[in-house]
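Data block below; observations after.
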Amino acid sequence: MAVLGRMVVSGRRRFPPLPGDAAPVSLCDPAVFGDDPASGNDPADDLAAPGRVPSGEHPGPLYGPNARRRESGPASAQPARPAQPARPARPVARHLPFAVLLVAGMTLRVVTGYAYRPAFEFSGDSYAYLRLSTLHAPDPMRPAGYPAFLRLLSHTGDLWWVTVVQHVAGLALGVGIYVLLVHRRVAAPVAALAAAPVLLDAYQLVLEHYVMAETLFAVLLVAAMIALTWSARPSVWACGLAGLLLGGAGLVRTIGVAMGVLAVGYLLLRRVGWLRPAAFAVMLAVPLVGYAGWFHHAHGKYALTGGDAVWMYGRVAPIAECDRLHLSTRQLVLCSPHPVAGRPDPSYYVWNGNSPHWRLDMPDDKRDALLRDFTRQVIRYQFGDYARMVGGEIAHYFAPGRPVGHRDWPDATWRFPTGNEPRYLHNGEPLLGFHGDAPSRVIREPSAGFLRSYQHLVFTPGPALAGMVILAVVAIMIPGRDRRAPPGNRGSRRRRGLRDRAAEDRRLRADMALLVAAGAATLIVPAATVCFDYRYLLPVLVLFPPAAALATRRFVLLNRSRRAPAEEPGINGSSRAPAGVPPSPGRCP
């Protein structure tokens, strides 16, 4: 009689349960697939699990005698085919491109150390750093971070150890960038390309061989960036460590203070609470405030350096037109006697004994006040000239090749030297040792000749750096996909997954913004306050390439998110039944 009493519902035949059968179970019941808000399971994940019915196939009756016969039938009694084992990961092959680059970078540094012994010195800064390594008092022009580093190595008595440590640090920079990017799930070949500039760029090799602060500054900067960007939510300790590292970077090169300000803005943008930015700011201030107190004890004012007024005067003196300014009688001596088109470079107005600022015979504080007022007037009344000068020099860094103008610092200073360099390059003067001695300079051919030829071919082109910046900026500007979960999925795994993807997207954009802003600051600040010098381009090799690599990661995630609605049921409502159609075992409301 039960058979005769079957009914037709919505064009389909339904059989009522027989006596003793289990209660009917609906496919729409969250308990079937575990999509219970309390369980946190996601049906999309369960359907994809091994042993489940693939999406798109009817699972068959789940209740009644037919279901029991299916479970106990001959087909189900057959042993299941064992799943094919996943292919084992090949970490060595995955990291092979970076390993090749690392070995190449190591070989180049060994050849550099053999060809040029013991080190390169820039007769201005290097001499000053070595004399200041006694740390008797802070210098009015240069902070004491790098001299303190030299003080640690002075016990070796050999400048060669400075280059060894700095070359190892250069390799560590490449390793750190690569490890960070792979940790952030950037494709290994892309991460290797991002580490290639700092490993292979010939100008980077030269700067590492100089007794100069650039390598130490880059190490502190990269270490701070890794501490800030390693975790989705950096710990308080990581933020404090990053602040301390950037505070130390500010004592190596004062532009590190600007990096600290950018990092504070980054933490605020990430919305990580108040404790982490506070820990960062406190640890950033500790070395800076301590050094400023020492500087005050020696020079009577709280500062990191005391040469800002002279540097800024040298920056604006080449374009100053005194007939457009409102100068006092004493300030008129600061006007250059040369015509504007034929004026020398900014370093002339800072260091040369014929510079007009040496005519100010007065105490330093009064002289600095006159220089600052002169600079302010030039920027105010000739702002267009000043902006064109600064903007032109920033754009100059992205030009093809390594062109230099008559007011730029010579590019040849940062090339592998020959045995007879002109004096104006300041890299051919007698070497100065740790203890006032004069070590002999050794140049071994043909290794040195190979490095000179290598430098003509292998360096990071300006247009490539511009492309990295454009790629990162485009990735930052593209809006993220709306990742709000559909109604009714509160607490589900899918909802948490969407929320995590949105958080990762915001994190990538913030990280790229930090790296691009830091790289831009390393170019803008010197162009606005000092001069054009390719030496200032080197720090961007550890900032722009990682930013571009993270951009590729975001493009991959955006591409996946645009394909997700067609693959994830419930996101675009494709799995919902049309209005007015009753539920069925194969369709959920």
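For the reader, a short list of remarks on this structure follows.
Okay, residues lined up against (1) among the β-branched types (Val, Ile, Thr); (2) at pLDDT below 90; (3) surrounded by fewer than 20 Cβ atoms within 10 Å (Cβ to Cβ); (4) outside any loop (DSSP other than H, G, I, E, B):
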| residue | (1), (2), (3), (4) |
| --- | --- |
| Gly314 | no, no, no, yes |
| Ala317 | no, no, no, yes |
| Leu327 | no, yes, yes, no |
| Gln331 | no, yes, yes, yes |
| Pro337 | no, yes, yes, no |
| Pro344 | no, yes, yes, no |
| Tyr348 | no, yes, yes, yes |
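- Per-region count, region 358-382, residues assigned to a loop (DSSP other than H, G, I, E, B) and not hydrophobic (A, V, I, L, M, F, W, C): 3
- Test result for Glu421, at negative phi, surrounded by 15 or more Cβ atoms within 10 Å (Cβ to Cβ) and assigned to a helix (DSSP H, G or I): no
- Index of the failed condition, Gly265 passing every other in (1) over 34 Å from the mean Cα position of the chain (by Cα); (2) in a helix (DSSP H, G or I); (3) farther than 23 Å from Arg142 by Cα: (1)
- Residues (outside any loop (DSSP other than H, G, I, E, B) and of a type in the set (S, T, N, Q)) located in region 195-235: Gln204, Thr215, Thr229
Residues are listed down the side, and each one gets a yes or a no for (1) within 25 Å of Pro400 (Cα to Cα); (2) touching a helix residue (DSSP H, G or I) at 6+ places or on another chain (Cβ under 8 Å); (3) exposed (fewer than 15 other Cβ atoms within 10 Å of the Cβ); (4) not assigned by TED's automatic domain parsing to the domain that holds Tyr116:
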| site | (1), (2), (3), (4) |
| --- | --- |
| Leu431 | no, no, no, no |
| His435 | no, yes, yes, no |
| Pro446 | no, no, yes, no |
| Leu451 | yes, yes, no, no |
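- Meets criteria (at positive phi, modelled with pLDDT under 95 and of a type outside the set (A, V, I, L, M)) for Gly462: no
- Of the candidates Val103, Val162, Val175, the single residue that is among the aliphatic types (A, V, I, L, M), within 29 Å of Tyr424 (Cα to Cα) and either assigned to a helix (DSSP H, G or I) or out of contact with any Leu (no Cβ under 9 Å at 6 or more places or on another chain) (or both) is Val162.
- Check on Pro147, more than 18 Å from Thr215 (Cα to Cα) and either part of a helix (DSSP H, G or I) or modelled with pLDDT under 90 (or both): no
- Every residue from region 132-154 that is touching a Leu at 6+ places or on another chain (Cβ under 8 Å) and more than 15 Å from Leu304 (Cβ to Cβ): Ser133, Phe149, Leu150, Arg151
The values are calculated or read from the model by the stated rules, or taken from the named source; none is laboratory data. As the structure is a prediction and not an experimental result, all values here were calculated from the model. Here the Cβ is made from the backbone with ideal geometry for all residues, glycine too, and neighbour counts use every protein chain on show.
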